[in-house]
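Chemist: Quick one: the structure is below, and I'll ask about it shortly.
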Amino acid sequence: KQWYQRRVRDCLHVKAKYNEDWWIGRVVKVDAPIGFIPAPCKLKKLAQEAATNINQQQVARRTTLQAKEEVNKKEETGPGKNGETRGSNDSLELIPQTRVSEIEPKSQGPYEAVPVIRPVVLCGPSLRGFEITDLMHKALVSAMKKQFEDRLESFPVDEKCLKILHASIANNKYSNMPDGLDEITDAVYNAARGFKLLLVDLKINSPVPLRNSALGPILVHIKISNTKVLQNLIKQRGSEQKRGMTAQVYAATKLCDLDRRNFDVVLSEHDYNDAAEHLINYMEKYWRASRPYQSSKKHHDSLLRNTPGIINKLGLRSPKVSHVSGRKQEHRIAV
């Protein structure tokens, strides 16, 4: 029996429910075996225990400081009449009172649901709709399709949903989730059940609206940090593309200024083949990580994919299964 100590934003595949405190599943990593995952109830208990221990430590520390202060005061003032001290307790007010930080559980809980296979979304190097950006996206998509073949599925997005999404982003209405993204997310959840790599073309110019959304995408940044290189590429595409050079350079600069943690993959290579190899290697690793551990005979793909097989192996009763949304297939820790 083992359970996993995870990091923030680690992805988990939950296979079955052991009890109220523990789930059975695995971390989405290469050759990660099956194990126990603490359920939200267990994490809440651990948080309460940690808060209680911190409170006890602070009370003990405060009591020790008060005792030392009284001893020092007695030594300075000396005994008074009837053995009383001439000092007062006013000095105790100067002792710093350390506040205990309380862990406030979020309304959505410690886990955040994302598709069982996270879709790939390309961003940059500049604005969509211009030849430089569109051609680079097409080249990378072509390289991925050639490498993964039937393992990769290019997910079509409804144009109506895209228009609503772009209008919502343009109006800065993506504090929680942009309009139109919910329908796209539901369709991606259903498509992810096929356990294939998904490529979604949302035609967006910034990863900010998607970073903490329920879509949970693998955000790929095609980065051109040198503005002169980008300008030369734009000039080679003709006079029509040169008209939007200022906007394209500005958008590329804004993308480069974003924190690296906004993206899962950053392609900063100068050569197309190197950039394609970088992305393919990342997706190959993710493909292996999404599959159960297979290098040992004790861990078979059929066992880990099939929930009844896990339950029979562990001698557990089969839990009652309710027909719920596919969003509960995978969980990730929220920041």
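Any read-out appearing in this document is the output of simple, stated calculations on the displayed coordinates, not a laboratory observation. This one's a predicted model, so the numbers in the text were calculated from it and none came from an experiment. Quick reminder, even Gly has a Cβ in these numbers, built from the backbone with ideal geometry, and neighbours come from all protein chains shown.
Chemist: Please report the net charge: other residues with Cβ closer than 12 Å to the Cβ of residue 206, K and R +1, D and E -1.
Modeler: Summing Lys/Arg as +1 and Asp/Glu as -1 gives +3.
Chemist: Can you give the extra length, in nm with one decimal, that the chain gains between residue 261 and residue 135 once fully stretched, where that is 0.36 nm per residue apart less the Cα-Cα distance? Provide the component values of the computation, followed by the final result.
Modeler: Working: separation 126, 0.36 × 126 = 45.36 nm, distance 2.55 nm.
Here the answer is 42.8 nm.
Chemist: Continuing with this model, one more query. Quickly rank 280-289, 218-227 as a protection proxy: mean count of other C-beta atoms within 10 Å, highest first.
Modeler: 218-227, 280-289
Chemist: May I pose another question? In the neighborhood of residue 154, defined by Cβ-to-Cβ distances under 13 Å, what is the net charge if each Lys or Arg adds +1 and each Asp or Glu adds -1?
Modeler: +1
Chemist: Give 17/145; 15/160; 44/196; 17/45; 146/228; 163/228 a once-over and call out the pairs whose C-alpha atoms are over 29 Å from each other.
Modeler: Check vs 29 Å cut-off fails for 17/145; 15/160; 44/196; 146/228; 163/228.
Chemist: Taking H placed 1.01 Å from N in the peptide plane, check which residues at least 5 places from residue 18 or on another chain put their amide H under 5 Å from its amide H.
Modeler: Amide H neighbours of residue 18, under 5 Å, 5+ apart: 23, 24.
Chemist: Once you have the Cα-Cα distance between residue 243 and residue 269, take 0.36 nm times their residue separation minus that, and quote the gain in nm to one decimal.
Modeler: So the extension gain works out to 6.7 nm.
Chemist: Return the FRET efficiency for the residue pair residue 150, residue 226: r is the Cβ-Cβ distance, R0 is 51 Å, and the value is rounded to the nearest 0.05.
Modeler: 0.85
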